[in-house]
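> Have a look at the structure that comes next, please.
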Amino acid sequence: METSFVSAYVLGLQGRTGPSGPTGFPGPDGFPGAASPPLGFIYARHSQTTEIPICPRGQSALWSGYSLLYIQGNEKAHGQDLGAPGSCIVRFSTMPYMFCNLNNVCNVAQRSDYSYWLSTLEPMTMMMQPIVGEAIRPYISRCTVCEAPSQAIAIHSQSMQIPDCPRGWESQWIGYSFVMHTGAGDQGGGQSLQSPGSCLEDFRPSPFIECHGVGTCNYYSTTISFWMTTVESNQQFRAPQPQTLKAGNLRQRISRCAVCTKRTY
């Protein structure tokens, strides 16, 4: 006679956690990551000629235009940082702005307001007649807005020696230390000495031209430029000696400068 056996399974209590296993072998290297996008430090460069300036090696040109120094309306001046992209406007006009009032009325070129532009080496007219229309073009400096991978700063030597950039930085251009300007009515502005706009590549006693809403431009005796001077080490904390410099010797007391960017390679 056959006997049937029934197996009974009974669940026991959970056992204790066992010890950790040995550390595994290192995995394979991952794929190279994507390059980080450029930070996009933006600045303006001015040629002080009718030629559009070229951005330094490794930098991209965003747009080109005309070098606006400052405007003056209602007897008040508003200056532009020549190192900022706002100083390089795409289109030129002797009166590039208008004024508006509470009566919801705006007026264009209807007052004796002014605009000031970096100029070129084009000589003044023989009889100092106002310059009109297309004849203005050769007098207006061109500019380019550049995108750099690192910030651009100006270094001023306060001597006739071109300054060295800090370690790890490289020079983009050299120039002269431009600090301030005034025009009609003793109004004007200035440049931050850390800005590339304070290091103009060419020195001239009258680096900008005055334009009016009636469509004319000219040089006037009321326009004055201010530049950093040279300071000898042994002349610090002493009263400066008065000195008058005339044509041919003007650069002897003008501080030199360099615009530098940090190396990214």
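> Hey, how many Å between the Cα centroid of region 228-259 and the Cα centroid of region 189-226?
Comparing the Cα centres of region 228-259 and region 189-226, I get a distance of 20 Å.
> Please list the radius of gyration and Dmax for region 17-99, considering alpha-carbon atoms only, with Å as the unit.
Rg, Dmax (Cα atoms, Å): 26.5, 87.
> Given N residues in region 40-139, what is Rg(Cα) / (2.2 N^0.38 Å)?
Working: Rg = 15.9 Å, N = 100, 2.2 N^0.38 = 12.7 Å.
In units of the globular-protein estimate, region 40-139 measures up at 1.25.
> On to the next question. List the relative contact order of region 43-179 as a percent without decimals, with contacts defined as Cα pairs under 8 Å and 6+ residues apart.
Values: 219 pairs, mean separation 49.4, N = 137.
For region 43-179, the relative contact order is 36 percent.
> Rg and Dmax of region 68-117, Cα atoms, in Å?
Taking only Cα atoms of region 68-117, I get Rg and Dmax of 11.8, 37 Å.
> Per the Debye formula with a single identical scatterer at each Cα and no solvent contribution, what log10 I(q)/I(0) holds for region 159-248 at q = 0.18, 0.23 Å⁻¹?
Evaluating at q = 0.18, 0.23 Å⁻¹ gives log10 I(q)/I(0) of -1.03, -1.33.
> Okay, next question. Counting pairs of alpha carbon atoms under 8 Å apart in space and at least six apart in sequence, what relative contact order in percent does region 59-104 give? The partial results should precede the final answer.
Details: 41 pairs, mean separation 16.6, N = 46.
Here the relative contact order equals 36 percent.
> With r as the distance between the Cβ atoms of T244 and V214 and R0 = 35 Å, compute the FRET efficiency 1/(1 + (r/R0)^6) and round to 0.05. All intermediate terms of the calculation are to be shown ahead of the outcome.
Details: r = 36 Å, r/R0 = 1.03.
Working from the Cβ atoms, E equals 0.45.
> Then there is this: Using only the Cα atoms of region 130-176, each taken as one equal point scatterer with no solvent, compute I(q) by the Debye sum, divide by I(0), and report log10 of the ratio at q = 0.23, 0.26 Å⁻¹.
The Debye formula, applied to the Cα set alone, gives -0.92, -1.05.
> Using only alpha carbon pairs under 8 Å that are at least six residues apart, calculate the relative contact order of the chain and give it in whole percent. Don't skip to the end; give the middle numbers.
Details: 558 pairs, mean separation 65.2, N = 265.
With pairs under 8 Å counted, the relative contact order is 25 percent.
> For the chain, place one equal point scatterer on every Cα, skip the solvent, and apply the Debye formula. What is log10 of I(q)/I(0) at q = 0.08, 0.14, 0.17 Å⁻¹?
Each listed q maps to, in turn, -0.44, -1.03, -1.34.
Throughout, read-outs are computed from the coordinates displayed, never taken from laboratory work. Note that the structure is predicted; figures quoted are calculated from it, not measured. Neighbour counts are summed over all protein chains in view; Cβ atoms, including those assigned to glycine, are modelled from backbone coordinates with ideal geometry.
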